[in-house]
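Single-structure report; data block below.
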Amino acid sequence: MNRSLIVAANWKMNGNLTLIKEMTTALSVVSLSQDTRVIICPSFPYLAAFSHAQEVKQLDARISLGCQNVSEHENGAYTGEVSTDMLQELNVDYVIIGHSERRSLYKETSTLVAHKVKRALDAGLSPILCIGESEQERETQQTEVVLASQLQPVIDEIGIEKFKEVVIAYEPVWAIGTGKTASPELAQETHQYIRQFIANIDQQIAEKISILYGGSVNATNCQQLFSQSDIDGGLIGGASLKVDEFTKICSAV
Ligand code: 13P
């Protein structure tokens, strides 16, 4: 089966050139297990600096650059948007799509998210597709319906064959930035549901796809979460801005 373990840092609208310097220096000496992949997703203005530091410091090939959003359009008159071509020129390999903050604050629908996933894949970028339920949806037993409604439009748009190139990040909205991590058991149960949802369409693809957990992951709770059979790593927010803590999470997997 051998799915890669992925630790991805989502810096959100945080970080600066100093953090790029400190993080790349720390990552140049971090010890990673063979199957581990690390992805750093800073804001757009810092992609070039990270890419440059990556080259100068000769970072391990298992450390990649990602970003936090992409336009669904190829190019053209879309003020403020960033295209896949631009990202590729900066050696970006991954793109976070459909983060709950984009869904709730910027009204990104699952249809738009599906178009963005398609655009990314067509351009050769790997999408990190974020899905997750709100607190109210969990309390009213809507979790599975919500997750299915976020996954299905993407599968419909790109087809299940292409879907195997997608990394899924399950991020319960109530656990993001709240310090309220899902228990390892609850996270595992939900990851299992997600994998089963895909297995109902294609068993082999379901076995291969990496499903990351996100929501208040830190150096203390990561090991227990990552040791669950359907959790293949994490998408880390707050803790990814602290160099020591983040490198501990990278080494812990
Ligand atoms: P926190 O780790 O700060 O809860 O954020 C999670 C997240 O939203 C990562 O995308």
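The values are calculated or read from the model by the stated rules, or taken from the named source; none is laboratory data. Keep in mind the model is a prediction, meaning the values are calculated, not measured. A quick note on method: Cβ atoms are made from the backbone with ideal geometry, for glycine too, and the neighbour counts reach across all protein chains shown. Remember, those area values only see protein heavy atoms, side chains included, never the ligands or the DNA or RNA. Shrake-Rupley method; radii C 1.70, N 1.55, O 1.52, S 1.80 Å.
Key figures for this structure:
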quantity	calculated
Note, ³J(HN,Hα) from phi for segment 139-148, Karplus 6.51, -1.76, 1.60, rounded to Hz, x at Gly and Pro	5, 9, 6, 9, 3, 5, 5, 5, 4, 4
Solvent-accessible area per residue for segment 124-230 (1.4 angstrom probe, square angstrom)	43 Å²
Coarse-grained scattering of segment 87-232 at q = 0.09, 0.11, 0.18 Å⁻¹, given as base-10 log I(q)/I(0) from a Debye sum over alpha-carbon atoms	-0.26, -0.39, -1.08
Karplus-derived HN-Hα couplings along segment 232-243 (A = 6.51, B = -1.76, C = 1.60, θ = phi - 60°), whole Hz, x at Gly and Pro	10, x, x, 10, 10, x, x, 5, 7, 8, 9, 3
About the Cα centre, charge dipole magnitude for segment 197-253 (Lys/Arg +1, Asp/Glu -1 at Cβ), debye	160 debye
Cα pair distances in the chain, grouped into 5 Å bins until the bin that holds the longest one, percent each	1, 6, 14, 19, 21, 18, 12, 6, 2, 0, 0
Separation in nanometres of the label points that stand 7 Å from Cα toward Cβ, at ASP244 and GLU139	3.8 nm
Built amide H within the under 5 Å cut-off of ILE39, gap 5+	VAL7, ALA8, ALA9, SER64
Those residues of segment 1-27 whose amide nitrogen sits under 17 Å from the label point placed on VAL56, 7 Å along Cα→Cβ	16-27
Average accessible surface area per residue within segment 1-71, 1.4 Å rolling probe, Å²	46 Å²
GluC sites (Glu not before Pro) within segment 1-94: DSSP coil, no more than 16 neighbouring Cβ in 10 Å	GLU74, GLU81
Surface share of carbon and sulfur [accessible, 1.4 angstrom probe, percent] for the chain	48 percent
Theoretical FRET efficiency, 1/(1+(r/R0)^6), r = Cβ-Cβ of LYS180 and SER104, R0 25 Å, to 0.05	0.90
Convex hull (Cα only) mean projected area of segment 1-119, reported in nm² to one decimal	8.4 nm²
³J(HN,Hα), Karplus 6.51/-1.76/1.60, whole Hz, each residue of segment 79-88, x for Gly, Pro	3, x, 9, 10, 9, 5, 4, 4, 5, 5
Cβ charges +1 (Lys, Arg) and -1 (Asp, Glu), total dipole of the chain, debye	480 debye
